[in-house]
């Protein structure tokens, strides 16, 4: 079974730089690109899409909340219809750069505070799915693996869209399959070796240890590297090497 | 020869309203819709595209400078490559709403300070044309009729794109075919009757009187109604009625 | 006992207009002016401060969430320290226009989704109070009258700041003194006569009828007119006339 | 004669970082702090003001054009009255953080494309001076030394404001005392040693070599280090050391 290795990229803005996309993109098999609401701007989007296209990496949209200052990480109460419109706008903007670069968008993944919001709220999940569906039946919806993504997965499948379950190799999980929130002790897996070991386990469908020690099984189609984290490039290199050493095929979701 | 009657619409933003699009859109044959940089937001864009689709009015993108506070009317020095990216972004965002509404974009027309900028500067004209071309050979480029649009027309035709020459029924022209700038005496034609008479003349390819009295011939494919002007709806009604009374067919550019 | 009649003003932005401030400001005794985050821009702020100064109306800051598109009405999770900084920024910006116009700011009142947030959350209330205090001990804090404002009132008084209790003449109250949320039946008092009658009762410290019919006593120092509501000017005129006919003195909080 | 060493700081935004203000601020005697239009946000402004206050460094406002994406470096046509309002707003916002930190603003210096604009255009210079004057007669106006700053200097002095002439130790000058524009060959002095030598010469009122070799005398009160340039901290260290070795006193303008 192949697995996808993905990164969130294109998060620079104007003169501001976040992430080393030139180094990171060649290491992954798909990328989710910021669309100008929480990060990214037209020039950054074009450049990032071209970079991904040049490396044969699958391109998806990473729409976020309209909050550049908060990097889309502040929870915001958004009306579902308005959210659908915001997602349509951002997918469309990125799709234009994809078209100019001769590639097609393959998936949509919500960013920041929107990620858990659409994964856990049926009305918001439905809004995202509706927006995605209107742009094409071949766009996959990416969301959290396990119980945390169940609401979004159900909405996507009900609409006939593929759901791509995502696990985080650098984040701790609770026994119930939800993430330990940032800020809580042990939430982040700092060791690249440990992250790589978890990547291999998840790729082989072997349960990993939750924060309590109890095993947590995570069925995932894609493994995420946070492009803006310090050490992201090194982490990606280790995870990629470990997966390849374990005989896993790296490939974007079919 | 049919002529197109167009309006700039979708210029509301959040709680802020500009223009009476519900009344205006049924009176014209094409609209240029703001794309969120100088005006418009995702919800307004969706609503405006749906409105145009419901009335069978041709939809185009109206990209502008990133300056909501200045309504895109402040001249800004933009690098041509960056301008191309901004236009790509805006066309894509609007195209997503068009796709969701089951229609296709038909043209691209620069807004505000960008309109004379791309019409008069070869590098900026080329940037716009390049951005449009990458989104589809069937998108027309709209620009000023006559000498004021010559640079843009040349760039569009060189790239194999259709150029749609636009005249303004409510603005005075100089003998050389350029507009009398806003702010100068007599720049705006306030009388709806006079505007309607000019519309009929232009549609029949009869020279109109320039601000000096000398006749100025204006070969135009489309006549513009400014949607944000007070009295825009009444003006559109009169112009439409006058053109129909004169036996002119109203239709979007072929 | 005098009472203050206040309005939220300065909510236009660029070419976008909200409210008829020219007509409304002469009818009230204090105004809260938007500071550019949810509404308002530098030119609008200057003009609005000058208008208030010309009419001898007390000027206060109306800081909001950084969300022009949502008019500051979308709830957003903000870190208290960051909120304090946002409020400091907005107070300072408005204070500069007040200084230029030769007047001083008299109060600070949170706008939109921030209004209930700072009224009901101790950490956010403390953040607002801290920001206000650092700009001057003579600035009053405006918040909801009754139980809904208790947390903010306590925080303000603990810091030695005056608290100005505000009641809404055009909104229905529950028996516990909290507002009936917008969107629920009967939330808005549409009749100007009824609003005027409530204003007189509140000014005389007579309990008004809650939405259930049970009386609700509201000790208020100021009565709010929403400047952006349709009919705001007419409502202000009626309320003002009714209060004057009842012998109430209209004056900004001492 | 003492000389001031200044840096442009506070240019981070949200999660985005520019410059190493913690290291740079202790090396200079005054700073110009971004005010949220082209860079900076409320949290960054508070932090930067506190940092400057802790190091006893004089604080000034660095207002810019409303263009975060272009970092305030794109020329934009702004109406002078509107510019005055934008500057008032930004000075006020920063002044509130200064007040909270127990310090006073000492100067105002335009940023980016606004710097040459107000230095060279009488109407814009007058607009800036008017905005500054309304906030206090003790605020100095910073602008280019020599002929490039003559228009602004005249406007400031006519209003009774102090003008602080600024020279750039890392930029080449033409024989007429204007800067060689960025992008032209030799515009930037990359060598820290050369920059330090120029700093010492300017501090001693010795003419430096212009780009043509001809000497150019530059009467300057302050020397600028660009905080966002790579190597800014090292450059500041060298310039500071060279000035001290030459027996020059470093101090903010009196």
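Every read-out reported here was derived from the displayed coordinates using simple, explicitly stated rules and does not represent laboratory data. These figures come from a predicted structure and were not determined experimentally. Glycine gets a Cβ as well: all are built from the backbone with ideal geometry, and neighbour counts include every protein chain shown.
Calculate, for residue B:184 and residue B:81, the FRET efficiency according to 1/(1 + (r/R0)^6) with r their C-beta to C-beta distance and R0 25 Å; round to the nearest 0.05. Efficiency for this residue pair is about 0.15.
Between copies, residue B:205 shows label-point distances of 7.2, 7.5, 8.5 nm, shortest first, with the point placed 7 angstrom from Cα along Cα to C-beta. If R0 is taken as 45 Å, the Cβ-Cβ distance between residue D:244 and residue D:159 corresponds to a FRET efficiency of 0.80.
Considering only alpha-carbon pairs that sit under 8 angstrom and 6 or more positions apart, the relative contact order computed for the range B:103-145 is 53 percent.
Once the convex hull of all Cα atoms in the range C:120-160 is built, its volume per residue stands at 54 Å³.
Based on the Kirkwood radius over alpha-carbon pairs, what value in µm²/s does the Stokes-Einstein equation return for the translational diffusion coefficient of the range D:204-246 at 10 °C and 1.306 mPa s? Translational diffusion coefficient: 131 µm²/s.
With both residues required to sit in chain A, DSSP beta bridges show an antiparallel share near 15%.
Extension gain, residue C:122 to residue C:229: 0.36 nm times the residue separation minus the Cα-Cα distance gives 35.5 nm. Our summary gives the range D:1-60 a relative contact order of 38 percent, counting only alpha carbon pairs under 8 angstrom and 6 or more residues apart. With label points defined 7 Å past Cα in the direction of Cβ, position residue A:241 shows copy-to-copy spacings of 3.8, 8.0, 8.3 nm, given to one decimal and shortest first. The Cα atoms of the range A:168-254 give a gyration tensor whose axes a ≥ b ≥ c have a/c of 1.5 or more with a/b no greater than b/c, which makes the shape oblate.
Helical runs assigned H by DSSP (4 residues or longer) give chain B a calculated mean residue ellipticity at 222 nm of -11500 deg cm²/dmol, each run adding -39500 (n - 2.57) before division by the residue total. Most simply put, the range D:1-152 has about 5% antiparallel DSSP beta bridges, counting only bridges with both residues inside it. Within 10 Å of the Cβ of each residue in D:97-105, the mean number of Cβ atoms contributed by other protein chains is 3. Averaging the sequence gap over all C-alpha pairs within less than 8 Å and six or more residues apart, then dividing by the number of residues, gives chain D a relative contact order of 22 percent.
What shape does the range C:37-78 have by the C-alpha gyration tensor, where a ≥ b ≥ c are the square roots of the eigenvalues, rounded means a/c under 1.5, and otherwise prolate means a/b greater than b/c and oblate the rest? Prolate, because a/c is 1.5 or more and a/b exceeds b/c. Taking the DSSP bridge list for the protein assembly as shown and keeping only pairs wholly inside it, about 15 percent are antiparallel.
Counted by neighbouring Cβ atoms within 10 Å, the residues C:235, D:179 run from fewest to most as D:179, C:235.
Taking chain B as a Gaussian network of alpha-carbon nodes connected by springs under 10 Å, the highest mean-square fluctuation of the residues B:119, B:58, B:192 belongs to B:192. For the residues D:72, D:149, D:102, a GNM of chain D with alpha-carbon springs under 10 Å puts the largest fluctuation on D:102.
Residues C:226, B:111, D:107, ranked from the fewest to the most other C-beta atoms within 10 Å, line up as C:226, B:111, D:107. Put the Cα centre of the range D:175-211 next to the Cα centre of the range C:44-77 and the gap is 46 Å.
Seen through its C-alpha gyration tensor, with square-root eigenvalues sorted a ≥ b ≥ c, chain C comes out rounded because a/c lies under 1.5.
Approximating the spin labels as points 7 Å out from Cα along Cα→Cβ, the residue B:137-to-residue D:17 distance works out to 5.0 nm.
Using a 7 Å projection from Cα along Cα-to-Cβ, the label point at residue C:188 is separated from the same position in the remaining copies by 3.1, 4.6, 5.5 nm, smallest value first. By other beta-carbon atoms within 10 Å, ranking B:35, A:224 with the fewest at the front produces A:224, B:35. Among chain A residues, the beta-carbon with the smallest distance to the axis carrying A onto C is reported, with distance in whole Å, as A:76, 2.
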